[in-house]
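Data first, discussion second: the structure below is written as structure tokens.
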């Protein structure tokens with residue numbers, strides 16, 4: 001699944017806000033074969049932490065988008 005590609009609307013309307021939050025590069029998520037379990041766990045923890053922040057930012061962005069859309073619909 002490619003999340004960096006724009007979403008194509010099915011019915012001519014695109015109600016999905018496009019995110020401006022960059023995803024981490026794939027290579028930063030891959031550890032080498034000589035990585036110790038502790039280093040692997042630390043890397044995984046850092047990745048999960050960054051993804052959590054990204055999801056929270058995306059949720060806040062979506063909330064702002066929906067609020068702006070609702071305000072435009074009521075005016």
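In this structure, does residue 70 turn out to be at pLDDT 60 or above and assigned to a loop (DSSP other than H, G, I, E, B)?
Numbers: at pLDDT 60 or above: yes; assigned to a loop (DSSP other than H, G, I, E, B): no.
Answer is no for this residue.
Could you go through the range 1-14 and let me know if any residue there is out of contact with any helix residue (DSSP H, G or I) (no Cβ under 9 Å at 6 or more places or on another chain), surrounded by 11 or more Cβ atoms within 10 Å (Cβ to Cβ) and modelled with pLDDT under 60. Even if it seems obvious, please write down each step before you answer.
Going through the range 1-14, the residues out of contact with any helix residue (DSSP H, G or I) (no Cβ under 9 Å at 6 or more places or on another chain) turn out to be 1-14.
Pick out the ones that are also surrounded by 11 or more Cβ atoms within 10 Å (Cβ to Cβ) and you get 7, 14.
After this cut, where a residue has to be modelled with pLDDT under 60 as well, the list is 7, 14.
Yes: the range 1-14 contains one or more residues that are out of contact with any helix residue (DSSP H, G or I) (no Cβ under 9 Å at 6 or more places or on another chain), surrounded by 11 or more Cβ atoms within 10 Å (Cβ to Cβ) and modelled with pLDDT under 60.
The values are calculated or read from the model by the stated rules, or taken from the named source; none is laboratory data. It should be emphasised that the depicted structure is a prediction, and the values quoted were computed from it without experimental measurement. Counting neighbours? That spans all protein chains shown, and the Cβs are built from the backbone with ideal geometry, glycine included.
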